[in-house]
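Have a look at the structure below, then the notes.
Nothing in this text is a laboratory measurement; each read-out follows from the coordinates by a stated rule. The structure displayed is predicted, hence computed values, not measured ones. No Cβ is skipped: glycine too gets one built from the backbone with ideal geometry, and neighbour counts run over all protein chains shown.
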Amino acid sequence: MKKIILLTLFFALILCISTVNAVEVKVNFGTLSLPTTPIIHNDRTLVPLRPLAEIFGAEVDWNSSGIVTIDYKDNEIILPINAKQAIVNNKIIELDSGAILYNGYTMVPLKFLSDYFDVEVEWYDEDRIVNILIEDEKIIKKVEEVSRSYGRSSIYKGYKVVIDAGHGGNETGAYYNGIAEKNINISIAKYVEELLKKYDIAVYMTRKNDVTTTLAARTDLANKVKADLFVSIHSNAIVGKPNIKGTELLYKDNYLLKKGVTNKILANNLQKSVVKSAGTFDKGLINRTNLFVLNHANMPAALVEVGYMTNETELKKLNSDSFRKKVAEGIVDGILKTLDIMIDNE
Ligand SMILES: [Zn+2]
């Protein structure tokens, strides 16, 4: 019985979803990038709920039986998928067109937006444009932010970045208070990998787990795949100087330009964004001419020394997941800024 219902539903959806006469959704007549295109369903324009919730700061909860709960301001909206009714503040409301699942996204009618997110929605039939009018400056900022995060994924497509987690296997790197540098480095590297992939960037890891890896193997990989950038991640230590702390960026000063980027530009972008994101002390850039990986990578390369394991406070941070994530976000931001330069010089 269940199968028949599902099957009927399936055909019903195929019949009435149309992307042929594509609709463009704009905000104040500006572009709004969404993770999936709007669709027409029962003559209504449906848009993905997730980015809209992000923009308006609504809380959305998806449960396993296909019921979406939205908390926005004082309203609680319960929206079952494929139903023409919703429950708003305990009252049943009839909908012309309900929420449906499409491409893995919960799609809601734009009408819903004007009803419950108190925004005005205009429809321009001739150009097939839906324009959402927003006056609140804060929400306009959020629109730009969300739109950029969905829109910019594609501009980095085709770019290759090598992430090199320092040491590994037999080589622990620095070792203090039972904490091995190699483990800090790989943990940050994995967060970086995860974030970069969201931007459609091809990420190559010189090691994915705790294995011994030669320095030559690391740069060989980068040169073989013709990576655009090489970023090595390490944690620092200086015996007998427990007060020294902060982030340093090692690079080799030369004038080799690749698509508008030098080693120093990469190092500078990484330094600024890591310090900003992780809140570390800014120890600046250091020109190093004797580091194997910086000497053998054929593309802009830099080595992040995240913080000092010999500083008690910094070691505690380096050992925490939340700090590692912030560092990773900073590294990713620095990489994106650098790729932006390369894209402009392409
Ligand atoms: Zn190291």
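At-a-glance table
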read-out	value
Mean Kyte hydropathy of 0.0 or more with a Cα span along the axis of at least 15 Å, helices from DSSP in the chain	2-16, 321-344
MRE, 222 nm, helices only [DSSP H, n ≥ 4, -39500 (n - 2.57), over the chain, to nearest 500]	-11500 deg cm²/dmol
Magnitude of the charge dipole, the range 154-344, Cβ model with Lys/Arg +1 and Asp/Glu -1, debye to 20	200 debye
Surrounding net charge for Lys259, when Lys and Arg each add one and Asp and Glu each subtract one, Cβ distance under 10 Å	-2
Inverse mean reciprocal Cα-Cα distance (Kirkwood Rh) of the range 154-344, Å	16.2 Å
Principal axis dimensions, largest first and in whole angstrom, of the range 16-151 by Cα	35, 35, 24
Footprinting exposure proxy for Tyr124, Tyr191 (fewest neighbouring C-beta atoms within 10 Å first)	Tyr124, Tyr191
Debye, to nearest 20: dipole size of the chain, +1 on Lys, Arg Cβ, -1 on Asp, Glu Cβ	1560 debye
Rg(Cα)/(2.2 N^0.38 Å) for the range 271-311, N = residue count	1.34
Neighbour-limited loop hits for trypsin sites (Lys or Arg not before Pro), the range 252-346 (at most 10 other Cβ within 10 Å; DSSP other than H, G, I, E, B)	none
Considering only the range 154-344, percent of DSSP beta bridges that pair antiparallel, nearest 5	25 percent
Formal net charge of residues neighbouring Ile87 (Cβ-Cβ distance under 12 Å; K, R +1; D, E -1)	-1
Asp125, Asp321 arranged by Cβ crowding within 10 Å, fewest neighbours leading	Asp125, Asp321
Descending Cα extents along the principal axes, the range 191-297, whole Å	41, 35, 31
Convex hull of Cα atoms in the chain, direction-averaged projection (nm²)	22.6 nm²
For the chain, built as a Gaussian network whose Cα springs stay under 10 Å, the top-fluctuating residue of Leu79, Leu249, Leu266	Leu79
DSSP beta bridge pairing in the chain, given as percent antiparallel to the nearest 5	65 percent
Counting DSSP beta bridges with both ends in the range 116-223, the antiparallel % (nearest 5)	65 percent
Where only C-alpha atoms are counted, convex hull volume of the range 157-203 per residue in Å³	58 Å³
